[in-house]
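Worksheet for the structure shown next.
The values are calculated or read from the model by the stated rules, or taken from the named source; none is laboratory data. These numbers come from a predicted model, not from an experiment. Note: ideal-geometry Cβ built from the backbone for every residue, glycine included; neighbour counts use all protein chains shown. What goes into the accessible areas is simple: the full protein's heavy atoms, side chains included, and nothing from ligands, DNA or RNA. Shrake-Rupley method; radii C 1.70, N 1.55, O 1.52, S 1.80 Å.
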Amino acid sequence: MRDDELDWQLSSYTDTGACVEVARPPGEVLVRDSKRRAGARISVEPAAFAAMVDWAKTHQV
């Protein structure tokens, strides 16, 4: 799937736009750097992404 076909969403916890963006095509979650949109992106299984988000809500990084 091409990037222009994806609905990328910026993290709601950023005030500068320098964060991560996610897109959710069927069966995966794609993550990319909002400052380097044409750069690399990673693919994560939805369950793993949900677990990471839950962990991040309870831990300070």
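Please state the equivalent ellipsoid semi-axes for the chain: what are the square roots of 5 times the Cα gyration tensor eigenvalues, largest first, in whole Å? If you can, show how the numbers build up before the last one.
Working: eigenvalues 74, 52, 16 Å².
Each semi-axis is √(5λ); the values are 19, 16, 9 Å.
Rank-order 38-51, 21-34 by packing density, defined as the average count of other C-beta atoms within 10 Å over each peptide's residues, highest first.
On the way: 38-51: 11.8, 21-34: 15.2.
The densest-packed peptide leads the list: 21-34, 38-51.
Once neighbouring chains are kept in place and the probe is 1.4 Å, which whole percent of the accessible area of the chain is contributed by carbon and sulfur?
On the way: 2580 of 4800 Å².
Exposed carbon and sulfur together represent 54 percent of the surface.
Can you compute the charge dipole magnitude of the chain about its Cα centre, using +1 on each Lys and Arg Cβ and -1 on each Asp and Glu Cβ, nothing else charged? Give it in debye, rounded to the nearest 20.
Details: 8 positive and 10 negative charges, 39 e Å.
Its charge dipole is roughly 180 debye.
Round to the nearest 0.05 the FRET efficiency obtained for Glu5 and Gln60 when R0 = 25 Å and r is the Cβ-Cβ distance.
On the way: r = 36 Å, r/R0 = 1.43.
Efficiency at R0 = 25 Å is approximately 0.10.
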